[in-house]
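The values are calculated or read from the model by the stated rules, or taken from the named source; none is laboratory data. All values derive from a computational prediction rather than experimental measurement. Note that we place each Cβ from the backbone using ideal geometry, even for glycine, and neighbour counts take in every protein chain shown.
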Amino acid sequence: MEINSEQAMLNFGQDLAKKLTPPVVIELIGDVGAGKTTLVRGLAKGFGIKEPITSPSFTISKSYVLPSGGYLIHYDFYRLDDPGIMLDDLTENLKNPQNIIVIEWGKSIAKILPQNHQKIQIDYTDTGRKVTL
Ligand code: ADP
Ligand code: MG
């Protein structure tokens, strides 16, 4: 679907969150600046998180308490060929069925994700973005 503004991306995430029940594992696929983190901001709002969501590019992961229990955990493995101890962190977090886990640049950890995890692809278009579930 066509999503052509930051606000529309936030709204899309918020609406999508309402259709999801934990456990949720989402892999976000798209180039730098595509809007992956923006989508996570929308999802977080939809899941009732009030804290501001900022990119975990430098910390690799950020966690936010979910009002429903568990955590929204946002990973960004950008340029991390070896996820190191973050692999154990992710493995542990995948075990909690209350968690919502959203991953940017997940190539290096793809093998430990559940086979049925959701993938959302964001592509640049002339007018904005195309989002494919
Ligand atoms: P990523 O995490 O994929 O690198 P960001 O979410 O940080 O990307 O978004 C980068 C920029 O793109 C932000 O300035 C954001 O406002 C803008 N943006 C996000 N979604 C859209 C969209 N659907 N259309 C146009 N701009 C968008
Ligand atoms: Mg990002």
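ILE85: under 13 Å from the mean Cα position of the chain (by Cα) and of a type outside the set (Phe, Trp, Tyr), yes or no? Lay out the reasoning, then the answer.
Numbers: under 13 Å from the mean Cα position of the chain (by Cα): no; of a type outside the set (Phe, Trp, Tyr): yes.
Criteria not met by ILE85.
If you scan segment 78-92, which residues turn out to be modelled with pLDDT of 95 or more and closer than 19 Å to PHE58 by Cβ?
ASP89, LEU90, listed by residue number.
Can you give me the ranges of the strands (runs of 3 or more DSSP E) entirely in segment 1-118 with at least 3 residues that are in contact (Cβ under 8 Å) with a residue 24 or more places away in the chain, within 16 Å of ligand 2 (Cβ to nearest atom) and closer than 18 Å to THR132 by Cβ?
24-29, 100-104
If you scan segment 1-45, which residues turn out to be crowded, with 19+ Cβ neighbours inside 10 Å and of a type in the set (Ser, Thr, Tyr)?
THR37, THR38
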